[in-house]
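Before any comments, here is the structure.
The values are calculated or read from the model by the stated rules, or taken from the named source; none is laboratory data. What you see is a predicted model; the values in this text were computed from it and never measured. Virtual Cβ from ideal backbone geometry, glycine too; neighbours counted across all protein chains shown. What goes into the accessible areas is simple: the full protein's heavy atoms, side chains included, and nothing from ligands, DNA or RNA. Shrake-Rupley method; radii C 1.70, N 1.55, O 1.52, S 1.80 Å.
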Amino acid sequence: MTDQPASQSERSAASGESPARRRVVSGRAALLFAITLAAAWAFLRLDLGLVDLLPSGPSLRMAMDFFSRAASPALTYESPETPAGAAPLLWKAAQAAANTVIFASAAMSLALPLGIVLGLLATSAWWTEDLAGGKSQRQRFIGRTLRPLVYGGTRILIAVMRSIHELLWAVLFLAAFGLTHLSAVIALAIPFSGILAKIFSEMIDEAPRDAAHALRGAGATPSQVFLFGLLPRALPDMTAYSFYRFECALRSSAVLGFFGYPTLGFYLAASFENLYYGEVWTYLYTLFLLIVAVEWWSGVLRRRFVV
Amino acid sequence: MQCKAEENSGRNLSLNQVSVQYGSVRALRNVDLKVGGGERLGLVGLSGAGKTTLLRLFNGMVRPTSGHVHTLGQKLDSLSFEELRHLRSKVGFIHQDLNLIPNLSVLHNVLAGKLGQISTARALLLFTFPSSHVLDEVYELLQRVGIAEKLHQRVDRLSGGQRQRVAIARALFQKPKVLLADEPVSSVDPARARSVLHLLTDLAGERKLTLCVSLHNLRLAQEFFPRLVGMKEGEIVFDQPPGALEENQLQTLFKI
């Protein structure tokens, strides 16, 4: 009978067939229905049908050629006329893998510190009561002017950095600076810092504040409270996430080869164009091994320091 | 000079007509209390009586809505933020939930007690390369509280009782003049509760600390504290030595 909105507490408190509970159930059903409707509409608009998965004619032959080589990647060049003195295929794949790692590492070593700094500025936890909530002139300035300016500005900056994909940044930088190593590294580093900053700031804001409260009570400064009370609690999650982003950087670094950088993508595209599918698989498996290696490395580190 | 003045104004704590309001809830109502230097005081009452609020007033983590708080002879509402920080570094507080950093070692948790007294740069140095002198100091403290062998263990690998001793060691590493403990024995069994209270009262004696401990176990409070303050619904209902307590006072305290 009551006409109150179903708040969170009411929802959990409501039991049996109370009007509030009935309203929640019908609300959920409506949401589910809306999602299904949206999915059906998208499929119809794009004219998606399973028939497209059954290629015919030349494309079928190409697909079969390609996938039939999955179990037998090339160990030597497939080209009949390999120039004399060329490095063996596997050695070239290893070099391409090394280049992929080098580009990704350079980008991450820029993105990590930048992501940490921007992430800290974008947390609400950094602007503690002590720093921005007091009555002194300095605190009032921080609370009323500096905090909205820096916090808001950082959030906008982060959003701009990550709203453009690394490959689009690469297109822009290649046009501006040409095919230099720096353009590739910066193209990767910009969106990666933005994403790291966003996720780091959320992880820090969600970290439990109990230890921070205790340190504040023992006279620690705001930056000490942040560094020693809050950051250590978010650090395990931040480490795991950084490894995941390193993995993403490896994939993007490989794709940068399509623009002409000597990473896996460069050789992969060349082999693909020449229809040397065995070589394509060799490079794909190399990339797979790289990802597995990072996974293993992060697992070892996490077992040692985090869990 | 200042040191001498601090010595004289002692290790006193006092509340003068203090009220604390959280929104519409009145946590404390016109409370007057004086605690002399080196005194050991047990604060008893049901949960929700205002014990935690009262303790937190003394390190400025709770601000009074009206009235004045004096800690170590200083009037809290007249202090600048820097002065308040300095004062807080002299007040050890053992939280009910301990509030340790679970994924750091015992050593680092104890070192964190020193933060209020050093710069951030020195703190970073202290945490990454603690000198052997500092290590000895922490080791001795841990020995005193009975967990010396856990120096390099991570806190989340310790038992509840061991964690509590880490929290005590962290407070002591501040070299405090006052030790405040909020329900230190609420989550331990009676035998262990006695050993924790022994430890706290002995430490207060050795180091001449003013000690305030909140408890809801009246029997333990009577056993360990020469002065008991009973609280109910934000007010002090009695303040006397345990021997002088009368039956009807206890009944009013624990009647809901």
Could you list all residues from region B:62-76 that are within 12 Å of chain A (Cβ to nearest Cβ) and open to solvent by 40 Å² or more (accessible area, probe 1.4 Å)? B:Arg63
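Free of Cβ contacts under 8 Å to residues at least 60 places away in the same chain, open to solvent by less than 20 Å² (accessible area, probe 1.4 Å) and either away from every other protein chain (no Cβ under 11 Å) or among the hydrophobic types (A, V, I, L, M, F, W, C) (or both): does that describe A:Gly299?
Values: free of Cβ contacts under 8 Å to residues at least 60 places away in the same chain: yes; open to solvent by less than 20 Å² (accessible area, probe 1.4 Å): yes; either away from every other protein chain (no Cβ under 11 Å) or among the hydrophobic types (A, V, I, L, M, F, W, C) (or both): yes.
Yes: the conditions hold for A:Gly299.
Among the residues in region B:94-104, are any β-branched (Val, Ile, Thr), within 14 Å of another protein chain (Cβ to nearest Cβ), under 25 Å from B:Asn217 (Cα atoms) and surrounded by 17 or more Cβ atoms within 10 Å (Cβ to Cβ)?
Yes, because at least one residue in region B:94-104 is β-branched (Val, Ile, Thr), within 14 Å of another protein chain (Cβ to nearest Cβ), under 25 Å from B:Asn217 (Cα atoms) and surrounded by 17 or more Cβ atoms within 10 Å (Cβ to Cβ).
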Only unsatisfied item for B:Ala171, checking (1) within 9 Å of another protein chain (Cβ to nearest Cβ); (2) outside any helix (DSSP H, G or I); (3) within 24 Å of B:Ser47 (Cβ to Cβ), is (2)
I'd like the residue in region A:61-107 that is modelled with pLDDT of 90 or more and among the polar types (S, T, N, Q) and, out of all such residues, is nearest to A:Ser193 (Cα to Cα). A:Ser105
For residues in region B:110-121 being assigned to a helix (DSSP H, G or I) and facing chain A (nearest Cβ under 9 Å), which is most open to solvent (accessible area, probe 1.4 Å)? B:Gln117
Residues of region B:54-89 satisfying the condition of being hydroxyl-bearing (Ser, Thr, Tyr) and under 22 Å from B:Leu172 (Cα atoms): B:Thr71, B:Ser89
Of the numbered conditions (1) more than 10 Å from chain A (Cβ to nearest Cβ); (2) of a type in the set (A, V, I, L, M); (3) touching a residue at least 40 places away in the same chain (Cβ under 8 Å), B:Leu79 fails exactly one; give the number of that condition. (3)
From A:Gly217, A:Gly178, A:Gly229, which residue is open to solvent by 10 Å² or more (accessible area, probe 1.4 Å), small (Gly, Ala, Ser) and modelled with pLDDT under 95? A:Gly178
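Given the residues B:Leu142, B:Leu179, which is the only one that is of a type outside the set (Phe, Trp, Tyr), touching a Cys at 6+ places or on another chain (Cβ under 8 Å) and either at pLDDT below 95 or open to solvent by less than 20 Å² (accessible area, probe 1.4 Å) (or both)?
Just a single option satisfies the conditions, and that option is B:Leu179.
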Inspect all residues belonging to region A:242-252 and state whether any of them is among the basic types (Lys, Arg), assigned to a helix (DSSP H, G or I), without any contact (Cβ under 8 Å) to a residue 24 or more places away in the chain and more than 18 Å from A:Leu75 (Cβ to Cβ). no
Could you figure out which of (1) within 13 Å of another protein chain (Cβ to nearest Cβ); (2) among the acidic types (Asp, Glu); (3) free of Cβ contacts under 8 Å to residues at least 40 places away in the same chain isn't true of B:Asp182? (3)
